[in-house]
Amino acid sequence: MRGKTLASIYSPRVLPWAAVSMPLRWDEVGNVFPTDFTILTAPDRLRQVGDLWAGILESKHDLGGLLT
């Protein structure tokens, strides 16, 4: 969408409810709302599910085909 930004993981967003950009598991997609993850709820989420991006940089991912 034009006029929108893309945040990195765990980034606070400038929104009235202080949203935090949060990675999801595939089984969560479609079951969460942007207001579910805020600067107040993010620490509990990390304690419950851990860092879903831990280890992401340990293997290479070629995004070239996706970006063409």
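Quick notes on this one:
- Whichever residue in the stretch 33-48 is part of a loop (DSSP other than H, G, I, E, B) and not aliphatic (A, V, I, L, M) and, among such residues, is modelled with the lowest pLDDT: Phe33
- Filtered residue count, the stretch 49-68, keeping only those that are of a type in the set (Ser, Thr, Tyr) and either surrounded by 10 or more Cβ atoms within 10 Å (Cβ to Cβ) or under 15 Å from the mean Cα position of the chain (by Cα) (or both): 0
- Considering residues of the stretch 33-48 that are out of contact with any helix residue (DSSP H, G or I) (no Cβ under 9 Å at 6 or more places or on another chain) and surrounded by 13 or more Cβ atoms within 10 Å (Cβ to Cβ) only, the residue nearest to Val14 (Cα to Cα): Thr38
- Checking Gly30 against (1) modelled with pLDDT under 85; (2) exposed (fewer than 11 other Cβ atoms within 10 Å of the Cβ), the condition it does not meet: (1)
- Given (1) within 11 Å of the chain's Cα centre (by Cα); (2) assigned to a helix (DSSP H, G or I), index of the condition Tyr10 fails: (2)
The values are calculated or read from the model by the stated rules, or taken from the named source; none is laboratory data. Predicted model only: the values in this text are computed from it and were never measured. Don't worry about glycine lacking a Cβ; one is built from the backbone with ideal geometry, like all the others, and counts go over all protein chains shown.
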